[in-house]
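Notes follow once the structure below has been shown.
The values are calculated or read from the model by the stated rules, or taken from the named source; none is laboratory data. Nothing here was measured: the structure is a model prediction, and the numbers come from that model. Counting neighbours? That spans all protein chains shown, and the Cβs are built from the backbone with ideal geometry, glycine included. Keep in mind that these areas ignore ligands, DNA and RNA; they rest on the heavy atoms of the full protein, side chains included. Shrake-Rupley method; radii C 1.70, N 1.55, O 1.52, S 1.80 Å.
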Amino acid sequence: MEAVKKSVIFDLDGTLWDATGCAPAIWNRIFEKHSEVDFRMTQELAASLMGKTMEEIGDFLFPNLPVEKRHAITDEFGFEEVAYLKENGAVLFKGMKETVQKLSDEYNLYIVSNCQDGYVPAFLFAHKMEVFFKDIEMSGRTGMDKGKNICLIMERNGISKADAVYIGDTEGDEKATRFAGIPFVWAKYGFGKAVSPDAVLNDITELPSLLSSLYGSL
């Protein structure tokens with residue numbers, strides 16, 4: 001009987017790529033259309049938003065605006081960002097594509113992100129990565145948080161808790177992974193912190209050896 005392939009579920013921002021470079025300019029173009037917004041986006045602020053859903057971003061950036069207005073602004077941004085990234089891509093972490101290609105021979109690979117609908121497909125299309133991933137999910141498509149979306153991906157693809165691991169860079173990723181009941185690998189090189197990860201990834205290129213060690217000890 002053929003052994004079941006193990007599954008590796010990835011976060012996107014801060015784990016596979018850095019898309020913060022284009023974000024400030026796009027946000028600021030949107031802000032100029034809305035006189036209620038009295039600040040401008042910076043690179044540092046954009047990086048701090050990584051890992052949040054669009055709804056959470058709206059609540060964080062515009063707490064004094066009506067909910068409908070928050071959604072209107074974040075929806076405008078999300079649409080423009082996806083269009084830009086599909087055409088131009090973003091900064092891939094060094095060695096990521098080669099590492100993912102290598103892993104895809106041995107593992108089933110997935111992406112679950114707290115992004116707007118269309119964001120992960122933009123990444124896959126711009127960098128020709130579709131062939132390496134079995135399935136994806138986004139909070140903007142399901143309306144659910146990351147923990148529930150990890151569970152959804154696992155249920156949809158028949159993945160058991162014993163055969164899955166999640167790779168992410170923030171404490172929010174860690175909490176979502178705990179909700180799903182699978183091990184969490186912290187991408188230390190990303191945008192966030194972790195509390196008690198099951199393993200620490202210092203560089204994306206270290207992932208094949210780390211997974212061999214982790215899966216061997218589960």
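Show the residue pairs that are 6+ apart or on different chains and have beta-carbon atoms under 8 Å apart, the first residue being within the stretch 196-218 and closer than 15 Å to Ser7 by Cβ and touching a residue at least 24 places away in the same chain (Cβ under 8 Å), the second being of a type in the set (Gly, Ala, Ser) and surrounded by fewer than 15 Cβ atoms within 10 Å (Cβ to Cβ).
Hits for this filter: Leu218/Ala162.
Taking Lys94, is it modelled with pLDDT of 95 or more and open to solvent by 80 Å² or more (accessible area, probe 1.4 Å)? I'd like the intermediate steps shown before the answer.
Details: modelled with pLDDT of 95 or more: yes; open to solvent by 80 Å² or more (accessible area, probe 1.4 Å): yes.
Yes, satisfied.
Just name the residue that is farthest from Pro121 (Cα to Cα) out of those in the stretch 134-155 that are without any contact (Cβ under 8 Å) to a residue 60 or more places away in the chain and among the acidic types (Asp, Glu).
Applying the filter and picking the extreme gives Glu155.
Search the stretch 12-30 for residues that are at negative phi and assigned to a strand (DSSP E or B) and pair each with any residue that is open to solvent by 10 Å² or more (accessible area, probe 1.4 Å) and of a type in the set (A, V, I, L, M) when their beta-carbon atoms are under 7 Å apart and the residues are at least 6 apart or on different chains.
Asp13/Met50; Trp17/Ala90; Trp17/Val91; Trp17/Leu92; Asp18/Ala90; Asp18/Val91
Assigned to a loop (DSSP other than H, G, I, E, B), open to solvent by 40 Å² or more (accessible area, probe 1.4 Å), charged (D, E, K, R) and at pLDDT 95 or above, is that true of Arg40? Steps first, answer last, please.
On the way: assigned to a loop (DSSP other than H, G, I, E, B): yes; open to solvent by 40 Å² or more (accessible area, probe 1.4 Å): yes; charged (D, E, K, R): yes; at pLDDT 95 or above: yes.
For Arg40, the condition - assigned to a loop (DSSP other than H, G, I, E, B), open to solvent by 40 Å² or more (accessible area, probe 1.4 Å), charged (D, E, K, R) and at pLDDT 95 or above - is met.
Of all the strands (runs of 3 or more DSSP E) wholly in the stretch 114-216, which have at least 1 residues that are open to solvent by 20 Å² or more (accessible area, probe 1.4 Å) and within 26 Å of Leu45 (Cα to Cα)?
184-187, 199-201
Which ones in the stretch 60-75 are open to solvent by 40 Å² or more (accessible area, probe 1.4 Å) and either within 16 Å of Cys115 (Cβ to Cβ) or in a loop (DSSP other than H, G, I, E, B) (or both)?
Hits for the stretch 60-75 are Phe60, Pro63, Asn64, Pro66, His71, Asp75.
Is at least one residue of the stretch 74-89 closer than 30 Å to Ser209 by Cβ, under 16 Å from the mean Cα position of the chain (by Cα) and modelled with pLDDT of 95 or more?
Taking every residue of the stretch 74-89 in turn, at least one turns out to be closer than 30 Å to Ser209 by Cβ, under 16 Å from the mean Cα position of the chain (by Cα) and modelled with pLDDT of 95 or more.
Looking at the stretch 119-177, which of its residues are over 27 Å from Gly58 (Cβ atoms), under 15 Å from the mean Cα position of the chain (by Cα) and charged (D, E, K, R)?
Answer for the stretch 119-177, where residues must be over 27 Å from Gly58 (Cβ atoms), under 15 Å from the mean Cα position of the chain (by Cα) and charged (D, E, K, R): just Asp135.
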